[in-house]
Amino acid sequence: KSDDISGSRHCVSVLCAGAGGWSPLVSDSYQWLEVDLERRTQITAVATQGRYGSSDWLTAYLLMFSDTGHNWRQHRQEDSLGAFPGNSNADTVVQYKLDQPVIARYLRLIPLDWNPTGRIGLRLEIYGCRYTSDVANSDGSSSLVFRLSIRPSRTATETIALKFKTMKNSGTLLHAEGQRDHSLSLVLEKGRLLLYHQQDVSSSSGGRLLVSLGSLLDDQHWHHVKLERHSAHLNLTVDRAARQVHTVGAAQSHGLQKPILSNRNFHGCLENLLYNDLNLINLAEQNNHQGNVTFSCAEPVSVAVTFTDPRSFLQLSGLTSWSSEVVAVALQFRTWNRAGLLLTFDLPRPESTVRLYLSEARLRLQIDRAGRATLELSAGSGLNDGQWHAVELISGPDCLSITVDKDEGATAHTSVPLPLTADIQLFFGGCPEQSGRGCTNPFHTFQGCMRLLTLDDRTVDLMKVQQRLLGNYSHLQMDICGIIDRCSPSHCEHGGRCSQSWSNFHCNCSTSGYRGATCHSSTYEQSCEAYKHKGNTSGHYYIDVDGSGPIRPRLIYCNMTEDRAWMVIQHNNTEVTRVHPSPEQHQHSAHFHYAPEEAQLAAIISQSEHCEQELSYRCRKSRLLNTPEGAPFSWWVGGPGAGQVQTYWAGAEPASRQCACGLQDNSQTSCLHLNTLANDSGLLTHKESLPVRSLVLGDIQRPGSEAAYRVGPLRCHGDKNFWNAAFFDKETSYLHFPTFNGELNADISFLFKTTSSSGVFLENLGIKDFIRIELSSSSAVVFSLDVGNGPLEVRVESSVPLNDSRWHSVRAERNVKEASLRVDQLPAATQEAPAEGHVHLRLNSQLFIGGTASRQKGFLGCIRSLQLNGVTLDLEERAKITPGVRPGCPGHCGSYGALCRNQGRCVERTSAFSCDCAQSAYTGAFCHEEVAASFKSTMSVAYILRPPHELSSNGSVPPPSVHSDTSPRGENVSLSFRTLQSPALLLYADSLDREYLALLINRHDGLELRYKLHSSRDVEVLASGVTSLADGRLHTVTIGRRADAVSVQVNAELICYNQFIIVFSVVFFLSTNVNTLGVSVLTGSYELDTELAELASLGFTGCLSAVRFDSVSPLKAALLHPDGDVVVVTGPLVQSSCGSSSPAKTHTAETTHSLSDQPGSADPGQPLVNAIRSDSALIGGNAKHLSRNRNSLSIVASKRGEM
């Protein structure tokens, strides 16, 4: 039941000092207090107090406003909260000041909760002021016409402001034509306001859409619109949403020259229509209008009802007139949900159930008939768009039809009639919880709004329903459509697509390059440096330089070298370009356009430690520079934005007016004339002058002039943000920064390493709100915050300790939907935000890093690469002036050392690490790139093994991978091969005492390892059992010996598929005298056994890669250091790739042997290759005679010549 209070004053008060106040007879959720202010009033605040001398007071309530006493609008706070806090006792006055004044005649207060030991009780005061306005009403066929006698200048500011209300979702609000045939139009289309610009008003096209704002603007409530022009900028504001657009040509002065023109004119009310300071409605009353325009607002009464939750339903009885042959039920609805029950009822004869419902955003009619097949009809599509849709169900003697949106929609028919009677109960939206057989709903409950319910063309009086005089209902909001567009404005960032249901919204980030509930956080890294430290090798990567900031990611090539991660940014012409001289052409100009947008280019250069760009100029009789007093003949433009003219050239200092050739000659003369063919090339390295944007070359018109230039790509390495770090060595120390501004979206990311078990990484406080990230234990990180809904905590537990002095990554994000936390690669933890709650995070203290304002629970350790909403905090600069904090944080190999593969060694650097591949058979940024060569019959490689004292005595000291450094108790040999040859010798190593090791493919395509351990003993043959190795696929073999045990592993990368081990319990003795190490070729001056000699004569044809004998990488030395005196190459050895073939075999074998104990064998602890002796080695095929007085390792693939 409602209670009404009327008053003639502009401030209405029922706050009483004596006994009194409002208290309804029944305290339940269906009560309200309504106040009629008797005219439209600007309401600024409300105050509440409990009932005097009682235990009756409200603890929470809703506020509704209306101009007519119908079609109420719920007032929401800034965070879209509906509920207002009430009182805690009967005497204290609690005032709430509206964030924006509300203009209305009627106010309704709806109690939500009250003192549990009392009743609903209230004293109320409303604060406000008189409101006056000028109003005009248009019936859809009329218009207002204004012609300005004075046109404003192009530089002047123009403003058009108005308010409107309508029940129609489409129509033209404004059409303005100005100078030079330009026009602007404000058009209402499906409840949204669209701004169009047209350059040619005579054209039949509708113009170009500039911006779209607002939603659900056909709700019969007042909406404020403001359109401003500032030079070439247009600002459009709809209620609280604003957008700015930049127009070219549309910036002309438009004025209002012609009437509103559209195929569909606006139907509704306009209020306070102002052009600058000119009141246009006052002018319209002086006959500046066409058609039926009235100057009052005619507001049709349309009562809507809102189905708010799964318990909502509306029950109505059938009509006595339904005994007639034709029966009709109609309604209008609007919703965001794709599914929901609209109407259901049971028919007694024949026994059946009728359901009209939404499924997949289509209207469907289902009739379940006892003992007969279910009948189904469907019509319409996309009915969950938030627009009003009209539905009509008509049953006649021989037909049944459902219609959606009449002419604009679709109709479906069937010949089965519905015999409706007066005792039928109709259920709209859902069923009562205890409904029995009278209502069943196998579908979702409808959530949305309904209006204009009609039974046989008789409109249902929903106000009687509200007063319990008609039908029954539960959990409905009467005389209000409470639909909310959660996608306008959209909380989805970076182009994420917003979709919604009645109570929630979802962001589709699939094509945006961002992730998270609101597409806030970037999917990509911010630099090539960051990609490298995730183990990525050279290639094209998307770079997002500002993370969650506004700059879009771009595809950029990253060149990962052993000590650098280069970002290579191409432009439109990196080729050598010839300049053709012409007597008529005195200058040649070239402009360079870069793929990244300007903001991204500037950010890359700014955050990089070093940038460079090659600038080359080759010429004859085409001078660059003039005399010191004269203007230069040529120059280039570089730097941020449009750039600045630069008169220095590669290798010189800015503003020096010098070039590379002049610096080499220690003068400017060679740059002045260059009458002979000259080349002036070098690198531009001053970041303030990069990138090169254009080039102007003069002195090219003389006879005999020749000129060519090349501007290379921009190359940058190093990421100052990625390595920006600080070390906190005291619990009471911290760094402080300005307040973090992340009201609606906040992301925080950083890396840390510590040996401490707890500490606060970050804290920022507000009056009530706060945000904090801390290490709560040695294995847990906690992200806690409060935005006004109470503290929220997100926790990630790790199964391994996080205080292991290794780098760990933390990423926390908070948005209007959820708070999330990710640590390293562990699954992210999330906590959803309340569906109806505060969403703005309001902070006002300083931001504390590494500690708190109370100097308690401080963090001990390193924090690196701290970013807030994509902006890096400069920890190092702040640490330089802060006691207890040191800039920088060394020690990265503990975290990144595992990226160095294949025996590569991690090397510490001040702000990074690098992989030293000297001890590896591989090369590349992570020692991951194979070093391979294809062998043919005319090719060979000989590698000479020398003891270290010989290498130092002759002054030739190759890299560590060039000389032997074997273990005294064993050796490790590995290689990869691809061949179709069988049999074939893969590897051979011998000693001065005629001991040898041979690895080969036998005649059965199987792998064999042979050891000759003593010149007087037989060869020991160890078979792996792996066959079909001469199949043209890549295979990897690893041989390891420790004392008397030898293991052979084939295709180690597939070891998990098929692994077996064979053990020979024999002892391995090997002489200390080693002569030769080789692959597929035998060497030495002694006679070989017959079988090996036959294999050697065949040579080797195929591909070998990653050949390694302990620390010796002979193939790598031959390909990358061919000039050393330890390598002898015969034939055109060219680096290739063995790994480009098809995958290796899908089975693996590992064999472990013990070599037989033979009398007279050497000590098993001795290595196969002794670095003190002079031995030799061979790889890859056949070799000529090698001297036995030095060590050699050969890779050969030639036919046997002489032994």
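The values are calculated or read from the model by the stated rules, or taken from the named source; none is laboratory data. Fair warning: this is a prediction, and the values are worked out from it, not measured in the lab. Glycine gets a Cβ as well: all are built from the backbone with ideal geometry, and neighbour counts include every protein chain shown. The protein model used for the area step is the full one, side chains on, heavy atoms only, and it has no ligands, DNA or RNA in it. Shrake-Rupley method; radii C 1.70, N 1.55, O 1.52, S 1.80 Å.
Overview of values
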| quantity | calculated |
| --- | --- |
| Single unsatisfied condition, residue 790 versus (1) out of contact with any strand residue (DSSP E or B) (no Cβ under 7 Å at 6 or more places or on another chain); (2) closer than 18 Å to residue 853 by Cα | (2) |
| Residue in region 696-708 that is acidic (Asp, Glu) and modelled with pLDDT of 90 or more present | no |
| Failed item, numbered, when residue 421 is tested on (1) β-branched (Val, Ile, Thr); (2) modelled with pLDDT under 90; (3) surrounded by 15 or more Cβ atoms within 10 Å (Cβ to Cβ) | (3) |
| Residue in region 395-402 that is under 19 Å from residue 325 (Cα atoms), assigned to a loop (DSSP other than H, G, I, E, B) and open to solvent by less than 30 Å² (accessible area, probe 1.4 Å) present | yes |
| Entirely in region 475-552, the strands (runs of 3 or more DSSP E) that have 2 or more residues that are open to solvent by less than 30 Å² (accessible area, probe 1.4 Å) and within 24 Å of residue 743 (Cβ to Cβ) | 505-508 |
| Single residue of region 854-900 satisfying the filter (more than 29 Å from residue 927 (Cα to Cα) and polar (S, T, N, Q)) that is nearest to the chain's Cα centre (by Cα) | 869 |
| Residues being open to solvent by 10 Å² or more (accessible area, probe 1.4 Å) and touching a Cys at 6+ places or on another chain (Cβ under 8 Å) - total across region 709-743 | 3 |
| Number of the condition not met by residue 73 [criteria: (1) touching an Asp or Glu at 6+ places or on another chain (Cβ under 9 Å); (2) modelled with pLDDT of 95 or more] | (2) |
| Boolean, residue 420 is in a loop (DSSP other than H, G, I, E, B), in contact (Cβ under 8 Å) with a residue 60 or more places away in the chain, touching a strand residue (DSSP E or B) at 6+ places or on another chain (Cβ under 6 Å) and within 23 Å of residue 320 (Cβ to Cβ) | yes |
| Residue within region 375-385 that is over 47 Å from the mean Cα position of the chain (by Cα), of a type in the set (Asp, Glu) and more than 15 Å from residue 445 (Cα to Cα) present | no |
| Extreme residue, surrounded by the most Cβ atoms within 10 Å (Cβ to Cβ), among residues of region 433-460 that are within 17 Å of residue 393 (Cβ to Cβ) and basic (Lys, Arg) | 451 |
| Extreme residue, modelled with the highest pLDDT, among residues of region 586-627 that are loosely packed, with under 13 Cβ neighbours inside 10 Å and over 42 Å from the mean Cα position of the chain (by Cα) | 586 |
| Scan of region 51-88 for residues that are without any contact (Cβ under 8 Å) to a residue 60 or more places away in the chain, open to solvent by less than 50 Å² (accessible area, probe 1.4 Å) and not in a strand (DSSP E or B), ordered by number | 69, 75, 77, 86, 87 |
| Answer residue from region 1035-1050, given it is part of a strand (DSSP E or B) and of a type in the set (D, E, K, R) and is surrounded by the most Cβ atoms within 10 Å (Cβ to Cβ) among those | 1041 |
| Members of region 1095-1128 that are at pLDDT below 80, open to solvent by 10 Å² or more (accessible area, probe 1.4 Å) and under 27 Å from residue 1002 (Cα atoms) | 1097, 1098 |
| Whichever residue in region 225-251 is open to solvent by 10 Å² or more (accessible area, probe 1.4 Å) and either part of a loop (DSSP other than H, G, I, E, B) or at pLDDT below 80 (or both) and, among such residues, is nearest to residue 176 (Cα to Cα) | 251 |
| Sole exception among (1) assigned to a loop (DSSP other than H, G, I, E, B); (2) surrounded by fewer than 15 Cβ atoms within 10 Å (Cβ to Cβ) for residue 463, by number | (1) |
| Hits in region 157-180 (condition: open to solvent by less than 10 Å² (accessible area, probe 1.4 Å), of a type in the set (Ser, Thr, Tyr) and assigned to a strand (DSSP E or B)) | 172 |
| Residue ranges of strands (runs of 3 or more DSSP E) in region 778-835 with at least 3 members more than 18 Å from residue 762 (Cα to Cα) and not aromatic (Phe, Trp, Tyr) | 829-832 |
| Residue 377 within 28 Å of residue 480 (Cβ to Cβ) and open to solvent by less than 50 Å² (accessible area, probe 1.4 Å) | no |
| Check on residue 987, crowded, with 24+ Cβ neighbours inside 10 Å and either closer than 14 Å to residue 1034 by Cα or among the hydrophobic types (A, V, I, L, M, F, W, C) (or both) | yes |
| Number of positions in region 758-807 that are over 16 Å from residue 845 (Cα atoms), aliphatic (A, V, I, L, M) and open to solvent by 30 Å² or more (accessible area, probe 1.4 Å) | 2 |
| Matching residues, region 849-903, being outside any loop (DSSP other than H, G, I, E, B), within 21 Å of residue 803 (Cβ to Cβ), open to solvent by 10 Å² or more (accessible area, probe 1.4 Å) and among the basic types (Lys, Arg) | 886 |
| Residues located in region 1109-1133, provided they are in a strand (DSSP E or B) and within 16 Å of residue 919 (Cβ to Cβ) | 1109, 1112 |
| Filter result for the condition that a residue is in contact (Cβ under 8 Å) with a residue 60 or more places away in the chain, surrounded by fewer than 18 Cβ atoms within 10 Å (Cβ to Cβ) and in contact with a strand residue (DSSP E or B) (Cβ under 6 Å, 6 or more places away or on another chain), over 1025, 1032 | 1025 |
| Residue under evaluation residue 430, criteria (1) part of a loop (DSSP other than H, G, I, E, B); (2) surrounded by fewer than 16 Cβ atoms within 10 Å (Cβ to Cβ), criterion not met | (2) |
| In region 812-848, residue surrounded by the fewest Cβ atoms within 10 Å (Cβ to Cβ) [restricted to those that are of a type in the set (A, V, I, L, M) and over 11 Å from residue 785 (Cβ atoms)] | 835 |
| Residue 486 of a type in the set (Lys, Arg) and in contact with a strand residue (DSSP E or B) (Cβ under 7 Å, 6 or more places away or on another chain) | yes |
